[in-house]
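Step one of this worksheet: look at the structure below.
Any read-out appearing in this document is the output of simple, stated calculations on the displayed coordinates, not a laboratory observation. Just so it is clear, the structure is predicted and the values come from calculations on it, not from any experiment. Cβ atoms come from the backbone with ideal geometry, glycine included; neighbour counts cover every protein chain shown.
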Amino acid sequence: MIARLSGQIGLAYAFVDREVALSKRYWAWELVWIVYGIVTSLSVALIGRAAPVISGQVMDEATLDRFVLYLLVGSIAWRFLGIVFENVTEVIAWERWEGTIEYTFMAPVHRITHLLGMCVSSVIRASVFSTIILATILLFLHVDLSQANALSALVLLAVGSLAFIGLSMGAAVFPMLWTEKGLQMAYIVQAVVLLVSGVYYPVDVLPGWMQALAVISPATYVIHGLRAALVDGAEISALWSDVWPALLIGAISIPLGLRAFLFAERYAKRTGRLKRSG
Amino acid sequence: MALVIERTIDQGPPAASDLALVAKNVVKAFHASGKDEKNKRIRAVDGISLSVLRGEIYGLLGANGSGKSTLIRLFSTLLEADSGQVTIFGYDIRDDEMAVKRLINRVSVEASFFKKLSAMENLVYAGRLYGVAPAQSRLRGTKILERLGIDAKRHDEPLEKLSRGMQQKVAIARAFLTAPTLLLLDEPTTGLDIRSKREVQAFVRELRAEHDATILLTTHDLEEAERLSDRIGIVDRGKLVAEGTVAELLTNANVSTLEEAFMGLTGHKLEDADERSEPHAP
Ligand SMILES: Nc1ncnc2c1ncn2[C@@H]1O[C@H](COP(=O)(O)OP(=O)(O)OP(=O)(O)O)[C@@H](O)[C@H]1O
Ligand SMILES: [Mg+2]
């Protein structure tokens, strides 16, 4: 049993290793995404810094620091969650594009092991990217992290990753069923999540029906909790009201997403949608 | 959950058998994708039964669109048959999918790789999926690639920089790395120049001789079918219309060349595509 489990972990590692190798070979693109991420977050932080000028109101330094950090937490956390979501969602689409999908699906690897490897890679990638973005911004801009509770933040990101993994496995099904439109649909899902989850503003400002969507988006809780942890230094024990909904969404969405994925795989094999040329 | 499924695999094949593959009445139909053909279905594989003996090289010969690739995909668990049964070394491909996957490998027409990764990186990755340790993959990979005439200094270059012929050789090396007991080769030499073609053919024969491998290949090259196969199956419009050694096929059709036999059995030339639907990408 133990040997078998470690065997599966070894297999999952094959995917992590492959993703790292790919990342190195596509380094120029990785650089593009990182620069893009830095520029986005930096711009948002600068909007915060410019708040007194834009609004014509006087703000004291502490208020301003708080405002900047509020925006920055949203921006970087969204980058993190977005990378997890995109990488897992693109599991099928990417390999279709590379032309390797049939080889991956033919290999003697359980789908759960394959997906585990891909999810771990995407969390690693998201962590590396967000850390680089944050570090770079700290070089450019004064950011007040004196109250930040790093432990609470890490716990929230971990919980958030789980919830997003479930969602994105579900979204990964679209490209399997609809070769081209599928990925487009998945991106729409992601965009809606961005809109309703209070990434840059409190969800209270949303119209009522959007707030209903916010309730089922795990990002709402993760970002709310992250703000409490990084801006106000909340202990993890004080964040339970943000942790449990995200955990619950993960507990529901992971098994559901996995089921959907396995179902879609069989459907694709029945209808010849995995790949047809040759 | 997934771990439990493996239980049956380590218990050895259900019955020791000298049959590598047995297909019984396999049918696979697809929805036609043309505009006015919305509800039409194409029987890509239309009731094929065949057996491949252990250690044999079995060649499937058929025109474009006759259903060869579909059959290979059915055998390699990439497609699910509508009806019929397939067993590979006694394992049912549906019920014992994981056991079957461990025993087979397939080379597709187009060499499908992570194009930016090197030949060696691709081999090491593929090896890992089949439980071959990276160090061993590197060792074996180097040997196989050199045997196929790919210089050591090219092993670490991104694959997209290699010629089509070289890529196809790496694809074959990748399949062999995992030491499959049944190797499915879908048009392994299509698109290669004469020299590479010969090299790949020689390699395939060598592998069978040295590694107790069984090989099922498809081709629409008469010469290749003759040169490589112990037995040939002729596929036409999704049906297996004849099967046997070259000599048997010639005697039965009462002709002197395989080309004539093909014409006699199918009523058309090998170069004429089976047109049961809209043309599709080769
Ligand atoms: N995934 C699929 N979806 C729909 N139709 C398909 C699919 N795969 C194959 N077909 C159709 O099934 C028929 C048989 O195709 P197949 O690719 O098996 O032929 P083939 O003998 O391999 O031809 P070729 O020599 O061109 O490779 C063709 O009419 C093809 O269009
Ligand atoms: Mg084909």
Legend entry - Under 15 Å, Cβ to Cβ, from A:Ile133 - net charge with Lys/Arg +1 and Asp/Glu -1: +1
Inset, instruction - Please give the helix A:240-271 orientation as an angle from the longest Cα principal axis of chain A, in degrees from 0 to 90, rounded to the nearest 10. - result: 30
Inset, instruction - Give the relative contact order (percent, whole number) for chain B; include only Cα pairs under 8 Å separated by 6+ residues. - result: 25
Inset, instruction - May I ask for the angle, rounded to the nearest 10°, between helix A:218-231 and the longest principal axis of chain A, with both axes built from Cα atoms and the value confined to 0 to 90°? - result: 40
Legend entry - Listed residues B:Asn122, B:Asn64, B:Asn252, most fluctuating in chain B (Gaussian network, C-alpha, under 10 Å): B:Asn252
Legend entry - Considering only the protein assembly as shown, percent of DSSP beta bridges that pair antiparallel, nearest 5: 55
Inset, instruction - Any chance you could check the Cα centroid distance between the range A:169-248 and the range A:53-83 for me, in angstrom? - result: 19
Legend entry - Count, lysine Cα pairs under 24 Å in the range B:148-282, 8 or more residues apart or across chains: 8
Inset, instruction - Calculate the length of the line joining the C-alpha centroid of the range A:11-43 to that of the range B:91-156, in whole Å. - result: 25
Inset, instruction - Using R₀ = 51 Å, calculate the FRET efficiency as 1/(1 + (r/R₀)^6) where r is the Cβ-Cβ separation of A:Tyr187 and B:Lys143; round to 0.05. - result: 0.70
Inset, instruction - Calculate how steeply helix A:61-89 sits against the longest principal axis of the alpha-carbon atoms of chain A, using the helix alpha-carbon long axis, and give the answer as 0 to 90 degrees to the nearest 10. - result: 0
Legend entry - Shielding by partners - mean other protein chain Cβ count within 10 Å, residues of A:10-19: 3
Inset, instruction - Excluding residues fewer than 8 places away in the same chain, name every one of the aspartates and glutamates whose C-alpha is closer than 19 Å to that of B:Lys24. - result: B:Asp46, B:Glu56, B:Glu80, B:Asp82, B:Asp92, B:Asp95, B:Asp96, B:Glu97, B:Asp236, B:Glu243
Inset, instruction - Ignore the peptide's own chain and count Cβ atoms of other chains within 10 Å of each Cβ in A:3-9; give me the average, rounded. - result: 2
Legend entry - Cα gyration tensor category, rounded, prolate or oblate, for the range A:2-271 with a/c compared to 1.5: prolate
Legend entry - Candidates A:Ser161, A:Ser146, A:Ser127, ranked by Gaussian network fluctuation over chain A, Cα under 10 Å, top entry: A:Ser146
Inset, instruction - Provide Rg and Dmax in Å for the range A:7-139, with only Cα atoms included in the calculation. - result: 19.2, 64
Inset, instruction - Using a cut-off of 13 Å between beta-carbons, work out the net charge of the residues near A:Ala62 (Lys and Arg +1, Asp and Glu -1, A:Ala62 not included). - result: -4
Legend entry - Residue among B:Leu159, B:Leu71, B:Leu184 with the largest mean-square fluctuation in a Gaussian network model of chain B, springs linking Cα atoms under 10 Å: B:Leu159
Inset, instruction - Could you calculate the contour length gain from B:Asp156 to B:Gln85, that is, 0.36 nm times the residue separation minus the distance between their Cα atoms, to one decimal place in nm? - result: 21.3 nm
Legend entry - Net charge contributed by nearby residues that have their C-beta within less than 15 Å of A:Gly198 (K/R +1, D/E -1): -1
